[in-house]
1. With the chain treated as a Gaussian network of Cα nodes joined by springs under 10 Å, which of SER182, SER23, SER291 yields the largest mean-square fluctuation?
2. I need the P(r) histogram for segment 244-307: all alpha carbon pairs, bin width 10 Å from 0 out to the longest distance, whole percents.
3. Where does the charge balance sit around ASP92 when Lys and Arg score +1, Asp and Glu -1, over other residues with C-beta under 11 Å from its C-beta?
4. Between LYS265 and LYS140, 0.36 nm times their residue separation minus their Cα-Cα distance comes to what?
5. For segment 72-233, list log₁₀ I(q)/I(0) at each q in 0.17 Å⁻¹, using the Debye formula over Cα point scatterers of equal strength and ignoring solvent, two decimals each.
6. Could you calculate the contour length gain from GLU20 to ASP168, that is, 0.36 nm times the residue separation minus the distance between their Cα atoms, to one decimal place in nm?
7. Could you work out the relative contact order of the chain? I mean the mean sequence separation of Cα pairs under 8 Å and 6+ apart, divided by the number of residues, in percent.
8. I'd like the orientation of helix 290-300 relative to the chain: the angle between its Cα long axis and the longest Cα principal axis, in ° from 0 to 90, rounded to 10.
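Nothing in this text is a laboratory measurement; each read-out follows from the coordinates by a stated rule. Since the structure is predicted, the reported quantities are computational estimates derived from the model, not experimental observations. Note: ideal-geometry Cβ built from the backbone for every residue, glycine included; neighbour counts use all protein chains shown.
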Amino acid sequence: MINKGIVIKSTGSYYLVKKEDNSIINCRIRGKFRTKEYKNTNPVAVGDIVGFKVQKDENSGVITKIFDRKNCLIRKSTNLSRKFHIIASNIDYAFLIATLTEPVTYLMFTDRWLIACEKNNIEPVIIFNKIDLYDNELNKKLVSYIKIYSDIGYKCFPVSVKENKGIDKIKNIIKGKTIVISGNSGVGKSSLINLLEPKLKLKTAEISEYHKQGKHTTTFAEMFPVAGGYLIDTPGIKGFGLDEETKENTALYFPEMKKISHLCKFNNCTHTHEPDCAVKEAVNNREISPSRYNNYLNILAGEEDKYRQDKYT
Ligand SMILES: Nc1nc2c(ncn2[C@@H]2O[C@H](COP(=O)(O)OP(=O)(O)OP(=O)(O)O)[C@@H](O)[C@H]2O)c(=O)[nH]1
Ligand SMILES: [Mg+2]
Ligand SMILES: [Zn+2]
């Protein structure tokens with residue numbers, strides 16, 4: 001018999017599927033299904049609505065079908081990698097947890113992550129965490145970052161999970177929605193979920209334990225009922241690789257550029273060397289953030305790691 005359910009945890013070897021009666025069953029996928037139909041590292045992601053067959057033992061199942069996804073957040077593990085990873089699917093919002101210290105979330109990471117949201121029709125929300133650690137200089141940076149992204153139309157919230165500051169606004173967004181929480185390792189993704197739902201007691205790690213290469217405390221994506229909605233915790237990531245198509249059409253995924261590109265002299269303007277370019281003019285007038293434009297150029301040029309330091313703040 002075919003049953004239907006939603007994937008709430010994905011480990012790569014087994015999947016927890018919540019059935020329509022809210023009970024949870026441990027499922028696997030068949031080898032063939034796994035390799036033939038999908039060219040990514042994980043054919044089944046948290047948030048997927050799946051069909052599955054219950055095995056004879058009645059305690060486990062085999063996933064046989066993935067229903068069409070409304071959307072999904074996808075990245076390449078690195079720019080050079082050919083494999084895609086589906087972070088989560090069927091989501092209403094994606095939260096990016098960013099921190100200006102311990103660790104530093106680079107604007108290049110933020111911009112690439114935003115591109116993936118734009119491309120996949122997911123509304124992004126940027127949450128700047130750990131504001132309790134910010135000194136004057138970082139507070140100034142915070143204000144400038146919030147200006148950059150809210151001017152484009154992205155929702156931004158400064159919070160401190162540690163001191164429970166700014167969290168009510170986040171709660172209001174979560175109600176009735178399914179949201180993936182993404183970001184570098186150590187920014188406080190699991191801590192935010194614990195604050196909202198202490199019973200979950202998700203594993204978190206002291207930042208002093210995070211060495212330079214970053215320690216990943218959360219190892220699998222998992223969905224939890226929180227604050228009247230569903231939050232998907234995910235393992236921290238270092239980079240956000242984009243596919244070729246996205247790189248070729250980068251300007252489409254920068255809303256502030258897309259909005260004015262019809263004013264460029266050439267309708268195939270790449271906003272790099274062309275004369276009478278409305279985007280370059282907007283950058284010169286500071287109507288478009290130089291950091292955004294700079295990251296746009298780096299993505300076009302295929303540069304990623306060289307530009308990790310934020311030159312424009
Ligand atoms: N000072 C301060 N520390 C925080 C805040 N939020 C979280 N932390 C600390 O940051 C550390 C890392 O938090 P986690 O929640 O484990 O981070 P994560 O994003 O889930 O990390 P991964 O699972 O590795 O991706 C923990 O020691 C938290 O206590 C905050 O607002 N301020
Ligand atoms: Mg975590
Ligand atoms: Zn142009």
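1. SER23
2. 22, 58, 19, 1
3. Within the 11 Å Cβ shell, the charges total +2.
4. Values: separation 125, 0.36 × 125 = 45.00 nm, distance 3.67 nm.
Separation in residues times 0.36 nm, less the Cα-Cα distance, equals 41.3 nm.
5. -1.08
6. On the way: separation 148, 0.36 × 148 = 53.28 nm, distance 3.04 nm.
Once the chain is fully extended between GLU20 and ASP168, it gains 50.2 nm.
7. Working: 596 pairs, mean separation 48.5, N = 313.
Relative contact order comes out at 16 percent.
8. 60
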